[in-house]
Each structure stands twice: as structure tokens, then as C-alpha cells.
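The values are calculated or read from the model by the stated rules, or taken from the named source; none is laboratory data. Note that this is a predicted model, so its numbers are computed, not measured. We place every Cβ from the backbone using ideal geometry, glycine too, and count neighbours over all the protein chains shown. The area values use the complete protein model at the heavy-atom level, side chains included, leaving out ligands, DNA and RNA. Shrake-Rupley method; radii C 1.70, N 1.55, O 1.52, S 1.80 Å.
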Amino acid sequence: MEIVLVVAAVGYLLVRRMAGEPAQGKRMLVLPAVLGLIGLSEVSGVVRTPSSVLYLAAAAAISVAFGALRGASVRISRHDGYAFVQYTGITVALWALNLAVGFGGKFALHSFDPKDAGTIGDGLLLTLGLGILAESLAALYRSMRRGYQVMWGQNQVSGWNTRSEAPRDHH
């Protein structure tokens, strides 16, 4: 079930962001927060050994680092006065590298300690949620630093240097 959730979440994100979408704070932050919380609840009862704690902490740190790099690699533009985010080839490559490192780390842990590798499998949702959250925060920060308005909810916008009439820029 967890693999299905991961594939669905990553697939949803890739499709939407490859095409490009308005930077909507709630959408960009709620999904990774929910994934992270589900993942945290799944690992809270199974992480018991020092190697499992170390592995999970390293996996989370790596996922956050890749997420921040992805957030730095997305294309940020202004459409109809609002921030618009779109994945680039570099962003997709970073996703592939992140997944390869994650599965490689799990394989390495399995070689080192098969018992822990079996219990840490649930950490995937936690690390995925943290990585997507880091990506979203980086993209939102970049959008707001450029003075682009970010949609937070219906009819709610925010941004540094926002103007009531933002110029239209379709680049």
C-alpha cells in the first residue's frame, strides 16, 4: 500500500509540475505534511535500534537536501500576476537521483542489517514528505523573494513587495 501511495504522490507531483501550475501555498504544503505525518506515525513504533535511527535520520537529511535542490531548480515565473512553478529537466533528474539514492541506501542497510531494513520500509513516506516539503518551501520562498504573489487559499494571496495590480508577465 505504501508503494502505491508513493508512486501516486510522486506521479501526481511530476505531472502537475512538469506542465506548470500556479504556486498555491496550501496545495504545496498540505500534501507533503500529510505524507510526513503518516510516515512519522508508521515509523514511531518500529525504529528501535541505533542503526535504524541513524539510517532514518540520514535518509531524512538526504531527502530534505534533494528537496531543497529541486526547489532551487524549478522554473519560477509570473502568470497573470501570480507565481507559477514548473519543473525543469534538472528537477526531474534530481528526483531520479533522490529515488536512486534512497533505494540504494535501503539496499545497503539490508546488506548490513536485514532486520532493520524490514522495519524501516515505512520510513519512505516520512522522507518523501520531508523532501517535498523542503522543495515546496524553497519554491515558495523564491517566488515571494521575486515579489510574485502566491495563492494560499481561495482569494488569499501573499508575497513580498506585492502590488494591488501586478503586471502581467507570461514568461
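Extension gain, LEU14 to ALA100: 0.36 nm times the residue separation minus the Cα-Cα distance gives 29.3 nm. Once both labels are positioned 7 Å from their Cα atoms along Cα-to-Cβ, the gap between THR49 and SER77 label points is 5.1 nm. Of the accessible area of region 1-129, with the probe set at 1.4 angstrom, what percent is carbon plus sulfur? Ligands and nucleic acids excluded, carbon and sulfur reach 76 percent.
The base-10 log of I(q)/I(0) for region 1-153, evaluated at q = 0.11, 0.14 Å⁻¹, reads -0.43, -0.66 [Debye formula, identical scatterers on Cα atoms, solvent excluded]. In this simple spin-label model, placing a label point 7 Å from the Cα along the Cα-to-Cβ direction at both THR88 and LEU40 gives a separation of 3.2 nm. Among LYS106, LYS26, the order of accessible area from largest down is LYS26, LYS106, computed with a 1.4 Å probe on protein heavy atoms. Among 45-52, 129-136, sorting by the average number of other beta carbon atoms lying within 10 angstrom of each residue, highest first, gives 129-136, 45-52.
Remark: region 60-119 carries 49 Å² of accessible area per residue (probe radius 1.4 Å; ligands, DNA and RNA excluded). Estimated from the Cβ-Cβ distance and a Förster radius of 22 angstrom, the FRET efficiency linking PHE107 and VAL30 is about 0.10. Using heavy atoms of the protein chains and a probe of 1.4 Å, the accessible area assigned to PHE107 is about 140 Å².
Taking the Cα centre of region 1-127 as reference, the dipole from Cβ charges on Lys and Arg (+1) and Asp and Glu (-1) amounts to some 360 debye.
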